[in-house]
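Engineer: First the structure, then my questions, so here it is.
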Amino acid sequence: MPTSNEMIRETREKFNLAIANKDAETIRSLLAPSYHIVTGRSDQFHGQDEEAKRWSQVFESDPTAIYRRKTREISINEAWGIAEELGNWKGSYTLNKNLVNASGVYSAKWQRTKNNHWVLQAEIFTTIEFDESCIPPDPL
């Protein structure tokens, strides 16, 4: 049986492949019902269904959009079935007919289900490098 670390890494790769294959339903299956995300632009979304809908809209409106997450480190609390993943991300998309590239770091919180699957509870992405045409977050 694979270790929790291996299972989380495999699930992350499933997420990467789902993005590449424009598969919002697979993405949905990898998220906890109460999933929460803070994007690289600081937009926030909540819920498994809302996130699947958001990805569907991204895939439909911009077929060039691609994002890849690469795990650097995973810390696991086996007794509680929770884990933190730290990594780097890269993405590109089309904005105003220009290809835009951005990248940065992320932190993800995972929880093990009763069926021994790991799902994402929350993700926080921070944009570190970006093209000039990237739109910054709205001021607070």
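Just so you know, all these numbers are worked out from the coordinates, no wet-lab data involved. Note that the coordinates shown come from a computational prediction; the quantities given were computed from them, not determined experimentally. Every residue, glycine among them, receives a Cβ derived from its backbone with ideal geometry; neighbour counts consider all protein chains shown.
Engineer: If a residue has to be within 13 Å of the chain's Cα centre (by Cα) and outside any strand (DSSP E or B) to count, how many in the range 48-67 make the cut?
Structural biologist: The total comes to 5.
Engineer: Of the residues GLU84, GLU78, GLU132, which single one is among the charged types (D, E, K, R) and surrounded by 13 or more Cβ atoms within 10 Å (Cβ to Cβ)?
Structural biologist: Going through GLU84, GLU78, GLU132 in turn, the sole match is GLU84.
Engineer: Restricting the range 3-22 to residues that are farther than 15 Å from ARG72 by Cβ and without any contact (Cβ under 8 Å) to a residue 40 or more places away in the chain, which is surrounded by the most Cβ atoms within 10 Å (Cβ to Cβ)?
Structural biologist: ALA18
Engineer: Restricting the search to the range 30-47, which residues are in contact (Cβ under 8 Å) with a residue 60 or more places away in the chain, over 11 Å from the mean Cα position of the chain (by Cα) and over 25 Å from PHE130 (Cα atoms)?
Structural biologist: ALA32, SER34
Engineer: Does the range 82-96 include one or more residues that are without any contact (Cβ under 8 Å) to a residue 12 or more places away in the chain, outside any strand (DSSP E or B) and out of contact with any helix residue (DSSP H, G or I) (no Cβ under 8 Å at 6 or more places or on another chain)?
Structural biologist: No: zero hits.
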